[in-house]
Amino acid sequence: MPVIVVASSKGGAGKSTTTVVLGTELAYAGADVTLLDCDPNRSLSLWAAKAPLPERIGVVSDITESAVVRVIKEHDADGRIVIVDLEGIASRMVSRAISQADLVLIPMRATVLDATIGVRSIALIAEEEEALGRNIAHAVVFTMTRAIRSKQQNGIEASLRRQGVSIIEPPLMERAAFSALFEFGGNLRSIPEQGNMQGAIENAAAFAAAVYGELRGALQ
Ligand SMILES: Nc1ncnc2c1ncn2[C@@H]1O[C@H](COP(=O)(O)OP(=O)(O)O)[C@@H](O)[C@H]1O
Ligand SMILES: [Mg+2]
């Protein structure tokens, strides 16, 4: 079934947060989800160790460069949504994961510096497309955005859209609840109340629905 790869060569772009928010929301909505931790920093595995895993979620840790394609294919076969979290570098591991993707999500903060680096991940996808002779659907996810959009964000969005890059709407806003997932484990429904909890839950649910829509479009 579908494979979503979360990739950006920028550390701290929000990849692991995007993976956990997306995975827990899709599982909450009824999907069976497998999260693959392909980052030696083990953010996903640390999240998974904090609390019992939410229903319908599995996590596979410590995936090496030589095993990544086989592990993705194994989990792809059994009808679950597979989400792959990667290290913030360009590496053979990242290329191999991207080669297996139905949809690549590229998280980035909406600043000029981060977008400049984030766009390199789009170039990496283009190289994989060329090598494989197929299109790889991909979309940018703005992370840690504020309620009021900055001029910088509007400019970056316009520039990406002009280049034909899809952008997931809504973005993932900056919410204490999202970073608290890594403190407590579990999902947004199980962790102690953090800041505007209802706002975080609504944002996460709408975000996951938008990604699901993008994925369905990519699979058609
Ligand atoms: N939407 C968000 N709201 C609040 N904090 C966030 C959000 N996204 C990421 N963070 C915080 O920013 C830092 C980097 O995020 P992370 O997901 O680990 O990035 P990456 O996996 O790309 O290195 C972490 O401390 C995380 O808790
Ligand atoms: Mg990470």
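Tell me, which residue of the stretch 146-172 that is surrounded by fewer than 19 Cβ atoms within 10 Å (Cβ to Cβ) and within 13 Å of ligand 1 (Cβ to nearest atom) is farthest from the chain's Cα centre (by Cα)?
Checked the stretch 146-172; the qualifying residue farthest from the chain's Cα centre (by Cα) is 147.
Assuming residue 179 fulfils every condition listed in (1) assigned to a helix (DSSP H, G or I); (2) in contact (Cβ under 8 Å) with a residue 40 or more places away in the chain; (3) of a type in the set (Gly, Ala, Ser); (4) more than 16 Å from ligand 2 (Cβ to nearest atom) apart from one, which condition is it?
Single failed check for residue 179: (4).
For the stretch 1-12, name all the residues that are over 12 Å from residue 43 (Cβ atoms) and either hydrophobic (A, V, I, L, M, F, W, C) or more than 13 Å from ligand 1 (Cβ to nearest atom) (or both).
Answer for the stretch 1-12, where residues must be over 12 Å from residue 43 (Cβ atoms) and either hydrophobic (A, V, I, L, M, F, W, C) or more than 13 Å from ligand 1 (Cβ to nearest atom) (or both): 1, 2, 3, 4, 5, 7.
Looking for whichever is in contact with a helix residue (DSSP H, G or I) (Cβ under 6 Å, 6 or more places away or on another chain) and of a type in the set (Asp, Glu) here; the options are 37, 62. Which one fits?
Unique residue meeting the criteria: 37.
Of the numbered conditions (1) within 15 Å of ligand 1 (Cβ to nearest atom); (2) touching a His at 6+ places or on another chain (Cβ under 9 Å), residue 98 satisfies every one except a single condition; which is it?
Failed condition: (1).
Select, from 148, 136, 122, 83, the only residue that is aliphatic (A, V, I, L, M) and farther than 23 Å from residue 216 by Cα.
Exactly one of 148, 136, 122, 83 is aliphatic (A, V, I, L, M) and farther than 23 Å from residue 216 by Cα, namely 148.
Out of the residues in the stretch 61-85 that are of a type in the set (Val, Ile, Thr) and within 16 Å of ligand 1 (Cβ to nearest atom), which is farthest from residue 100 (Cα to Cα)?
Out of the qualifying residues, it is 63.
Looking at the structure I just gave you, is residue 113 over 19 Å from residue 25 (Cβ atoms) and surrounded by 20 or more Cβ atoms within 10 Å (Cβ to Cβ)?
no
Residues 46, 22, 35, 53: which one is farther than 29 Å from residue 116 by Cα, at pLDDT 95 or above and either part of a helix (DSSP H, G or I) or within 15 Å of ligand 1 (Cβ to nearest atom) (or both)?
Unique residue meeting the criteria: 46.
Kindly list, by first and then second residue, each pair from a residue in the stretch 64-85 that is under 24 Å from residue 14 (Cα atoms) to a residue that is part of a loop (DSSP other than H, G, I, E, B) and among the acidic types (Asp, Glu), limited to pairs with Cβ atoms under 6 Å and residues at least 6 apart or on different chains.
Pairs that qualify, where the first residue is under 24 Å from residue 14 (Cα atoms) and the partner is part of a loop (DSSP other than H, G, I, E, B) and among the acidic types (Asp, Glu), are 80/32; 85/39.
Check 102, 76 and return the single one that is away from ligand 2 (no atom under 15 Å from the Cβ), in contact with a Pro (Cβ under 9 Å, 6 or more places away or on another chain) and at pLDDT below 95.
So the residue among 102, 76 that is away from ligand 2 (no atom under 15 Å from the Cβ), in contact with a Pro (Cβ under 9 Å, 6 or more places away or on another chain) and at pLDDT below 95 is 76.
Can you tell me which residues in the stretch 182-220 are part of a helix (DSSP H, G or I) and of a type in the set (Val, Ile, Thr)?
Within the stretch 182-220, 201, 211 meet the criteria.
The values are calculated or read from the model by the stated rules, or taken from the named source; none is laboratory data. All of these numbers come straight from a predicted model, not from anything done at the bench. Note that each Cβ is placed from the backbone with ideal geometry, even for glycine, and that neighbours are counted across all protein chains shown.
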